[in-house]
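The values are calculated or read from the model by the stated rules, or taken from the named source; none is laboratory data. Keep in mind the model is a prediction, meaning the values are calculated, not measured. Here the Cβ positions follow ideal geometry from the backbone for every residue, glycine too, while neighbour counts run over all protein chains shown.
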Amino acid sequence: MKTLYLDCFSGISGDMTVGTLRDLGVEEAVFHKAVSALGLNAEFTAHFQRGSRQGISGWKFEVTLHPHFQAVDPKASLLLTTPGHVHGRSFRTIRSLIEASALSPFIKKHAVGTFSRIAVAEGRIHGQPPEEVAFHEVGAVDSLVDIVAACAGFEAIGADQILASRLVEGNGWVDCAHGRFPLPAPATLEILHGLPLRQIDEPRELITPTGAALVAEFATGFGPLPEMRVEKTGYGLGTRDSAPRPNVLRTVLGQSLDSHNADTDEVIQIECNLDDSTPELAGAAMERLLAAGALDVFFTAAQMKKNRPGWVMTVLAREDDFESLSRLILTETSAFGLRHHRTRRMKLRRDFCEVETIHGPVRIKLGYLGDALVQSSPEYDSCRAIAHGRNVSVRDVYLAALQAAQLPAS
């Protein structure tokens, strides 16, 4: 599977995204054709420049507004107050501009989607409908060009999936149209709802609203670099040249080696040792954890310290559930501590069907590897419910379902 990985170790912005896609080999003509399709060439000039940040070489994408169209006050009101000022275009206007252009359907869809994320965020902050939001910092022509150019670059790359590292943002303060705010900037924080984000001890903004919207629009998963056969690496340069992190966005393009057409995701594996717990309490803890959202809970027999027989309790959890499930483990079991690490899972794509048996309808679980059906089995809960209702054994219902579905007996 062709995979593009966005390594946002130093944040992400619109110009950095365009620059790194250029460094991966997308021709300049692809970007210029896309931004020219907007029909705004009289308002700006866009060009690439080769450069470096702390010794890391890459491409810098720059958009220069022509003097007549430059915003007079970058801290102007959110709403359009001065007709003709480019920074005052509303989301409705920008969407119409994109949809009426000669851009490809892919670019139109994702450029509008990216701007929609920003408009919804700004609208939520200011209590306004997204359609009426007039962009200032993020909606000036430079951001419009960045987003359209980035969408054109992603289309040219043609990756089957786009993944990203977990996002990091600096600390400190940022001056924006709404005043002086602590990082993350208000719009950036709104856009990144639901995505993994942490602050690091660097006194500068690392993620711009445009960069946040692009990664939210295109990335389908977040975590470490997946196992892949690396083909190309690209670097897009930001504006600053500040230590200790080079102000660059690194991208990695290659073929994933771990999917084999199966679904993959990242989970947190939590473990603790239990050497003084009864089976009843362990079972009760398992029930509570599964009810609270654990993906799986199981016990492995082990010989503990002081020659005590016991169990290793393992819990698989989504990242969002890690804190709550960890608290449950520490309050529902005799554990005094736990350990955890992130791990990737490979899963068959699942589907379900229903078959008629002499006892009634039974649900069948199907597992696909790519387009090939490789696993199928009657659902135990479905068999059990019918068995209890018909006063027959679960085994009889299970075998009847196998026969009705023409599945091999296991």
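For the subset of the range 20-69 comprising residues that are in contact with a Gly (Cβ under 8 Å, 6 or more places away or on another chain) and under 16 Å from L144 (Cβ atoms), which member is surrounded by the fewest Cβ atoms within 10 Å (Cβ to Cβ)?
Here the answer is F31.
Only one residue in L281, L253, L249 is touching a residue at least 12 places away in the same chain (Cβ under 8 Å), not in a strand (DSSP E or B) and not hydroxyl-bearing (S, T, Y), so which one is that?
Within the list L281, L253, L249, the selection yields L281.
Out of M286, M346, M313, report the one residue that is under 30 Å from L225 (Cα atoms), of a type in the set (A, V, I, L, M, F, W, C) and surrounded by 15 or more Cβ atoms within 10 Å (Cβ to Cβ).
Testing whether each residue is under 30 Å from L225 (Cα atoms), of a type in the set (A, V, I, L, M, F, W, C) and surrounded by 15 or more Cβ atoms within 10 Å (Cβ to Cβ) leaves just M313.
Taking V394 as the residue in question, decide whether it is aliphatic (A, V, I, L, M) and at pLDDT 90 or above.
yes
Does any residue of the range 175-188 turn out to be among the acidic types (D, E) and either buried (at least 19 other Cβ atoms within 10 Å of the Cβ) or closer than 17 Å to M16 by Cβ (or both)?
Within the range 175-188 (the criterion being among the acidic types (D, E) and either buried (at least 19 other Cβ atoms within 10 Å of the Cβ) or closer than 17 Å to M16 by Cβ (or both)), the answer is no, since none of the residues qualifies.
Looking at the range 4-45, which of its residues are modelled with pLDDT under 95 and in contact with an Asp or Glu (Cβ under 8 Å, 6 or more places away or on another chain)?
F44
Could you say whether any residue in the range 372-395 is aliphatic (A, V, I, L, M), under 24 Å from D265 (Cα atoms) and in contact with a Leu (Cβ under 8 Å, 6 or more places away or on another chain)?
yes
Please go through (1) touching a Phe, Trp or Tyr at 6+ places or on another chain (Cβ under 9 Å); (2) more than 30 Å from K347 (Cα to Cα) for L281 and return the number of the only condition it doesn't satisfy.
(1)
Has the range 95-114 got any residue that is in contact (Cβ under 8 Å) with a residue 12 or more places away in the chain, β-branched (V, I, T) and surrounded by fewer than 18 Cβ atoms within 10 Å (Cβ to Cβ)?
There is no residue in the range 95-114 that is in contact (Cβ under 8 Å) with a residue 12 or more places away in the chain, β-branched (V, I, T) and surrounded by fewer than 18 Cβ atoms within 10 Å (Cβ to Cβ).
At pLDDT 95 or above and either surrounded by fewer than 23 Cβ atoms within 10 Å (Cβ to Cβ) or assigned by TED's automatic domain parsing to the domain that holds D146 (or both): does that describe L79?
It is false that L79 is at pLDDT 95 or above and either surrounded by fewer than 23 Cβ atoms within 10 Å (Cβ to Cβ) or assigned by TED's automatic domain parsing to the domain that holds D146 (or both).
Give the residues of the range 29-44 that are assigned to a helix (DSSP H, G or I) and either touching a residue at least 40 places away in the same chain (Cβ under 8 Å) or among the hydrophobic types (A, V, I, L, M, F, W, C) (or both), sorted by residue number.
A29, V30, F31, K33, A34, V35
Would you say A262 is modelled with pLDDT under 95, among the small types (G, A, S), crowded, with 16+ Cβ neighbours inside 10 Å and farther than 28 Å from G221 by Cβ?
No, not satisfied.
Is it true that some residue in the range 50-66 is part of a helix (DSSP H, G or I), under 23 Å from P246 (Cα atoms), of a type outside the set (V, I, T) and in the same structural domain as F115 (by TED's automatic domain parsing)?
Within the range 50-66, not a single residue is part of a helix (DSSP H, G or I), under 23 Å from P246 (Cα atoms), of a type outside the set (V, I, T) and in the same structural domain as F115 (by TED's automatic domain parsing).
Could you please let me know if D241 is in a loop (DSSP other than H, G, I, E, B) and either under 30 Å from K60 (Cα atoms) or β-branched (V, I, T) (or both)?
Criteria met by D241.
What number goes with the only condition from (1) more than 25 Å from D275 (Cβ to Cβ); (2) assigned by TED's automatic domain parsing to the domain that holds N273 that T331 does not pass?
All conditions are met except number (1).
Tell me which helices (runs of 4 or more DSSP H) are completely within the range 294-410 and hold 2 or more residues being touching a strand residue (DSSP E or B) at 6+ places or on another chain (Cβ under 7 Å) and touching a residue at least 40 places away in the same chain (Cβ under 8 Å), or say none if there are none.
It comes to 322-332, 394-405.
Name the residues in the range 229-251 that are buried (at least 20 other Cβ atoms within 10 Å of the Cβ) and of a type outside the set (K, R), would you?
G234, Y235, G236, L237, G238, P246, N247, V248, L249, T251 - these are the residues of the range 229-251 that are buried (at least 20 other Cβ atoms within 10 Å of the Cβ) and of a type outside the set (K, R).
Quick one: which of A285, A302, A294 is under 30 Å from S256 (Cβ atoms) and either modelled with pLDDT of 95 or more or not aromatic (F, W, Y) (or both)?
Exactly one of A285, A302, A294 is under 30 Å from S256 (Cβ atoms) and either modelled with pLDDT of 95 or more or not aromatic (F, W, Y) (or both), namely A294.
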